[in-house]
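Asker: Here you go, one structure.
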Amino acid sequence: MQFDSFNFFFFFISLYIIFLLFKNNSLRKILLIFASYMFYATWNYFYTFLLFSITALTYYFGLRILSNNKNKKVFFFLGVIFLVFILGIFKYWNFFKENLSLINVRIPILSWLLPVGISFYIFQTIGYLADCYSNKIKKSPSFIDYVLYVSFFPKLISGPIIKSYEFLSQTKKIVEINKAFIWKAIVLIFFGLFKKIVFANNLAPFVENIFTNYSVQNGMTLIVGAYAYAIQIYCDFSGYTDIAIGIALLFGYSLPDNFNYPYLANSPSDFWKRWHITLSSWFKEYVYIPLGGNRRGELVTYVNIFLVMLLTGIWHGASWNFILWGIYFALLSIGYKYFNFIGKYFKKIPTFIRKFVSVLVMLQFTVTGWIIFRSENYQTIKAIFTNILFNTKLIDFRLLNQGNRLVIVLILIFISYNLTRIRFDFKSKILKYEFNPMMMTLILIGTFIMLVTNPEKSVQFIYFKF
């Protein structure tokens, strides 16, 4: 049940009507838990038992950590090992099986589907145990509050990844849903749906064709395909996040922002402060800083950056392309930090030109990374880059055929919108307005555009498979 489906629309409307009828906060939380498990069951009802088992066991570990100062380190590590083991079994077992078979090590193959959203809720439960261990949570929440924290359906499948203490503090009292909440929620949901339906869904077939038939494409088509994928994955994932934040607001819960114009980043570190912000923040708080961060000298800092970026790639999936993508960003991040490109080479250039050039350069590195990310294996990566390097004509009008014109238009619109962000943040301005006929007219026009451009074939959110 996707956010952009009619099934979800009816599910949400029915739930929200019942939610508003309940005035008691405890009843509302129980209702949201029930609805969240129903929502998760639409993907695979068996995995609701997995979700509940993980929730119950980590709640128990959290209790033992908070109540037993003497052995809390033991319970913390047992809990983390348990969660990593579960993630490894469901997400990485068959990857290890395939690679170990190359050296004649035989382990059985496990034929089960990857539980949707497992990477997200495993990380949130690991974060909860870490918060208990570091005393960011001093008192155990009620079991109902903790179950809601893990399973809350707007963020369950693809985040954003919220810190336990940030969410649990919101469960204490009932929140009055006022006009400002409703307007902000409507705007966020609208922006999210527009990005997903108009941009991501319409770019998806073009991108799929390019990366599936990469061997017969010329270099310029592959370059355009890479840029199209960069826009697709951003609009798809940030669209999901906007919808999730908007829906959560309607139920009185605030989720953190996950994107801040990532393609305007001027360095790898800046990119990760703008892209999938909650994952970057999670790795920084629970991995990078505990490893020592940048406090133990330059060499250790580079090692820590490499480990975090490698883990970021591995988190995305059990495939060599994600590992190579993680290594690519690790080397890129270390290179930027070591050579200090912006400080050394752009220092004497006027500020505006320096910003423009540094953003343009980083964008090329980012899109290069997306080629690695989207390709299925090393052979595909090699073939695509070879084609781009040796088979590219700067002017190739074959791209302007009837089927690709919408793609070109969408790319140009996206680029124009991001350039206007330098001077004018359209989304933030609208969020500050109050409900009025002009704003609703714009939303209605946008809704009509979504209905007209929505492809007949449903396109799954990209991050559902992570």
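Asker: Read through the list (1) assigned to a helix (DSSP H, G or I); (2) at positive phi, then give the number of the only condition that G252 fails.
Answerer: The single condition G252 does not satisfy is (1).
Asker: Continuing with the same structure: I334: surrounded by fewer than 20 Cβ atoms within 10 Å (Cβ to Cβ) and within 21 Å of T380 (Cα to Cα), yes or no?
Answerer: On the way: surrounded by fewer than 20 Cβ atoms within 10 Å (Cβ to Cβ): yes; within 21 Å of T380 (Cα to Cα): no.
So I334 fails the test.
Asker: Which residue is surrounded by the most Cβ atoms within 10 Å (Cβ to Cβ), if the candidates are limited to segment 355-384 and must be over 24 Å from L264 (Cα atoms) and of a type in the set (A, V, I, L, M, F, W, C)?
Answerer: I384
Asker: Follow-up question, since we're still on this one. So the check is Cβ under 8 Å with 6+ separation or different chains; which pairs have a first residue in segment 222-238 that's assigned by TED's automatic domain parsing to the domain that holds F271 and a second one that's surrounded by 23 or more Cβ atoms within 10 Å (Cβ to Cβ) and of a type in the set (S, T, N, Q)?
Answerer: From residues that are assigned by TED's automatic domain parsing to the domain that holds F271, the pairs are F237/S158; F237/N258; S238/N258.
Asker: May I ask you to verify whether Q232 is closer than 30 Å to Y60 by Cβ and part of a helix (DSSP H, G or I)?
Answerer: no
Asker: When residues of segment 171-203 are filtered for being surrounded by fewer than 21 Cβ atoms within 10 Å (Cβ to Cβ) and of a type in the set (G, A, S), how many remain?
Answerer: Within segment 171-203, residues that are surrounded by fewer than 21 Cβ atoms within 10 Å (Cβ to Cβ) and of a type in the set (G, A, S) number 2.
Asker: Output the residues belonging to segment 17-71 that are aromatic (F, W, Y) and in contact with a Phe, Trp or Tyr (Cβ under 6 Å, 6 or more places away or on another chain).
Answerer: Correct list: F39, Y59, F61.
Asker: I'd like the full set of residues that are within 18 Å of the chain's Cα centre (by Cα) and not in a helix (DSSP H, G or I), limited to segment 161-218.
Answerer: I161, I162, K163
Asker: Let me ask something else about it. Check I243, I233 and return the single one that is modelled with pLDDT of 95 or more and closer than 15 Å to F414 by Cα.
Answerer: I233
Asker: Just to verify a result, which residue in segment 212-226, among those that are hydroxyl-bearing (S, T, Y) and in contact with a Leu (Cβ under 9 Å, 6 or more places away or on another chain), is surrounded by the fewest Cβ atoms within 10 Å (Cβ to Cβ)? So that I can check it myself, show each step before the final result.
Answerer: So in segment 212-226, the residues hydroxyl-bearing (S, T, Y) come out as 212, 214-215, 221.
Filter once more, keeping what is in contact with a Leu (Cβ under 9 Å, 6 or more places away or on another chain): 214, 221.
Numbers: Y214: 20, T221: 24.
Looking at residues that are hydroxyl-bearing (S, T, Y) and in contact with a Leu (Cβ under 9 Å, 6 or more places away or on another chain), I get Y214.
Asker: Oh, and also: List the residue pairs whose Cβ atoms are under 7 Å apart, where the first residue sits in segment 254-279 and is within 14 Å of P160 (Cβ to Cβ) and not assigned by TED's automatic domain parsing to the domain that holds F123, the second is among the charged types (D, E, K, R) and crowded, with 21+ Cβ neighbours inside 10 Å, and the two are 6 or more positions apart or on different chains.
Answerer: So the pair list comes out as L255/K155.
Asker: Could you run through segment 248-294 and say how many residues are closer than 30 Å to I177 by Cβ and aromatic (F, W, Y)?
Answerer: So the answer is 5.
Asker: Taking Y128, is it more than 25 Å from F11 (Cα to Cα) and within 20 Å of the chain's Cα centre (by Cα)? Break it down stepwise before answering.
Answerer: Details: more than 25 Å from F11 (Cα to Cα): yes; within 20 Å of the chain's Cα centre (by Cα): yes.
Yes: the conditions hold for Y128.
Asker: Which count do you get for residues in segment 286-306 that are out of contact with any Gly (no Cβ under 8 Å at 6 or more places or on another chain) and either surrounded by 19 or more Cβ atoms within 10 Å (Cβ to Cβ) or assigned to a helix (DSSP H, G or I) (or both)?
Answerer: The number of residues fulfilling the criteria is 8.
Asker: Kindly indicate the residue of segment 29-46 that is in contact with a helix residue (DSSP H, G or I) (Cβ under 6 Å, 6 or more places away or on another chain) and not aliphatic (A, V, I, L, M) and also surrounded by the fewest Cβ atoms within 10 Å (Cβ to Cβ) among those meeting that condition.
Answerer: Out of the qualifying residues, it is Y37.
Asker: Still on this model: Residues of segment 125-152 being assigned to a helix (DSSP H, G or I), in contact (Cβ under 8 Å) with a residue 60 or more places away in the chain and either under 18 Å from N25 (Cβ atoms) or of a type in the set (K, R) (or both), which ones?
Answerer: If the condition is that a residue be assigned to a helix (DSSP H, G or I), in contact (Cβ under 8 Å) with a residue 60 or more places away in the chain and either under 18 Å from N25 (Cβ atoms) or of a type in the set (K, R) (or both), then F143, I144, D145, Y146, V147, L148, S151 are the ones that fit.
Asker: Right, here's the next one. Cβ contacts < 8 Å: first residue surrounded by fewer than 20 Cβ atoms within 10 Å (Cβ to Cβ), restricted to segment 307-320; second residue among the aliphatic types (A, V, I, L, M) and not in a helix (DSSP H, G or I), any location; separation 6+ or different chain. Result?
Answerer: L307/L291
The values are calculated or read from the model by the stated rules, or taken from the named source; none is laboratory data. Just so you know, these numbers come straight off a predicted model, no measurement behind them. Ideal geometry is used to build each Cβ from the backbone, glycine not excepted, and the neighbour counts take in all protein chains shown.
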